[in-house]
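Take a look at the structure set out below.
The values are calculated or read from the model by the stated rules, or taken from the named source; none is laboratory data. Since we're looking at a predicted model, the values are computed, not measured. Ideal geometry is used to build each Cβ from the backbone, glycine not excepted, and the neighbour counts take in all protein chains shown. Just so you know, the surface numbers come from the protein's heavy atoms only, side chains and all, with ligands and any DNA or RNA stripped out. Shrake-Rupley method; radii C 1.70, N 1.55, O 1.52, S 1.80 Å.
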Amino acid sequence: MQKDNSAPSTPTSARARHRRRSNEFPADESKTNGHLLLVNDHNKYRSMWIRACSSLWMLGFFLLVIYLGHLYVLAMVVIIQIFMARELFNLLRKAHEDKHLPGFRLLNWHFYFTAMLFVYGRILSHRLVNTVTSDKIFYRLVSRLIKYQMVICYFSYIAGFMWFILTLKKKMYKYQFGQFAWTHMILIVVFTQSAFTVANIFEGIFWFLLPASLIAVNDVAAYFFGFFFGKTPLIKISPKKTWEGFIGASVATTISAFVLANIYGSFQWLTCPRKDLSAGWLHCDPGPLFKPEYYPLLPWLPSTEIAILPVQWHALWLGLFASIIAPFGGFFASGFKRAFKIKDFGDSIPGHGGLTDRMDCQMVMAVFAYIYHQSFVVPQDYTVETIMSEILSSLTLEEQQILYMKLGQILQERMFGRN
């Protein structure tokens, strides 16, 4: 009779086995891709129901945040980034090594919040100054913090760097330096896209909402087209993706871009840029992009006209990018997960995985939306409006007063010179 040498089951080992079952790929997934398509999945209706319920819950929460305004959208982005960082930090973490490195997890978060202070401080500094101009004491305090913000961030990072060096342990060097490199890669990925996302928000919620909506539309359309019609596998690293889903989603996303731009563009609250950090409702001149132009629906009947916002033509390019290029962010994430033999980055959203699984394409899209807006939407010629906007957003109140006095002196000298 053979002796059973297996160790007794413990709650910890049971949880570890459960994580492997729920988060790793099944053993037969390395075979052909055909049986993995949604049309061949016997549990597809149950998974679709779970996914639909989660999507409706997220949609309701998202719409509420959008209604509350710029600051709440910013807060939502920050919270999502914290959860994304948590999921990515845990990806390469080993419990056995962490037991011998007390405080090592805290070091990761030290670097994270230092990077957050640097990135958001640079983006929001002038808007913060514009918000506190009415209180002289608070205004001086904020101005000093902004002036020395880079120094504060630098020495905070150096403190973390010294902390890391002092915690190095023999036989743990490889693991510690691997975690150090992984932490910095996470900071680059998360905060590069976050800088563009926040910039889009303050250019007008429209430039955040439309790209994010197009990625969601493309994801949903690809799922349903693949669910009902998917027959031809699209790419090996993501075996459930099909050509039918990809093409159907591309058409649906491009049409949706044109329609959604018209809907969003009709709300002044979404189109106005935010120059400070207050939470009040915005009223502004919508600008030529959001003023309708009329085109004859039938050339031989000029009376039949259709109103189109100029921004809708820009939206078509965003829709094409969201449907053709942005999905490659998802393909990259799929390949990354396969490299580490995991199914999802997390399990915070039932039916969807983790927040990182939902944000893979959004990160690519946010960067493109900002670059497109700055390159093709923002007027390149200097106008009174653009110069005034730059003055209000870039100069402190004292600097604006000095500029006002000097400009007044120059105008007086020119007027007297003519006389």
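Miscellaneous remarks
- Computed on the range 116-242, with alpha-carbon pairs under 8 angstrom and 6+ residues apart, the relative contact order is 19 percent.
- Spin-label pair residue 303-residue 47: with each label point 7 Å from Cα along the Cα-Cβ axis, the two points sit 5.6 nm from one another.
- Share of carbon and sulfur in the accessible heavy-atom surface of the chain [1.4 Å probe, %]: 67
- Rough spin-label spacing in nm, given labels placed 7 Å along Cα→Cβ, for residue 383 and residue 62: 3.1
- Toward the positive end of the charge dipole of the chain, with +1 on the Cβ of Lys and Arg and -1 on the Cβ of Asp and Glu, the farthest Cα among 176, 190, 141 is that of 176.
- The length gained on full extension between residue 413 and residue 336, counted as 0.36 nm times the residue separation minus their Cα-Cα distance, comes to 21.2 nm.
- 0 to 90° range, to nearest 10: angle between helix 205-229 axis and the chain longest Cα axis: 30
- Relative contact order [Cα under 8 Å, 6+ residues apart], the chain, whole percent: 22
- Dipole in debye (nearest 20) - the chain, about Cα centre, beta carbon charges: Lys, Arg +1; Asp, Glu -1: 2060
- Between helix 44-68 and the chain there is an angle of about 30 degrees, using the helix long axis and the longest principal axis of the Cα atoms.
- Estimated from helical segments only, the mean residue ellipticity of the chain at 222 nm is -23000 deg cm²/dmol, where each DSSP H run of four or more residues counts as -39500 (n - 2.57).
- Residues 162, 365 ordered from highest to lowest accessible area at a 1.4 Å probe: 162, 365.
- The residues of the range 206-380 expose on average 50 square angstrom of accessible surface per residue, using a 1.4 Å probe on protein heavy atoms.
- Placing unit charges on each Cβ (+1 for Lys and Arg, -1 for Asp and Glu) gives the chain a dipole about its Cα centre, and among 208, 308, 48 the Cα reaching farthest toward its positive end belongs to 48.
- Nearest-10 value in Å² for the accessible area of residue 51, using the 1.4 Å probe: 50
- Across the chain, the convex hull enclosing all Cα atoms gives 216 Å³ per residue.
- Among the cysteines of the chain, those with no neighbouring cysteine Cβ under 4.7 Å are 53, 153, 361.
- Amide hydrogen neighbours beyond the local backbone of residue 293, cut-off 5 Å, H modeled: 308, 309
- Note on residue 154: accessible area is roughly 130 Å² with a 1.4 Å probe, heavy atoms of protein only.
- Set 94/170; 241/341; 94/231; 147/174; 240/341 screened for pairs whose C-alpha atoms are more than 28 Å apart: 94/231; 147/174
- Value of relative contact order over the range 206-380, rounded to a whole percent, pairs C-alpha under 8 Å and six or more apart: 23
- Under the simplified labelling scheme, the residue 398-residue 284 pair shows an inter-label distance of 2.8 nm, with each label point 7 Å from Cα along Cα→Cβ.
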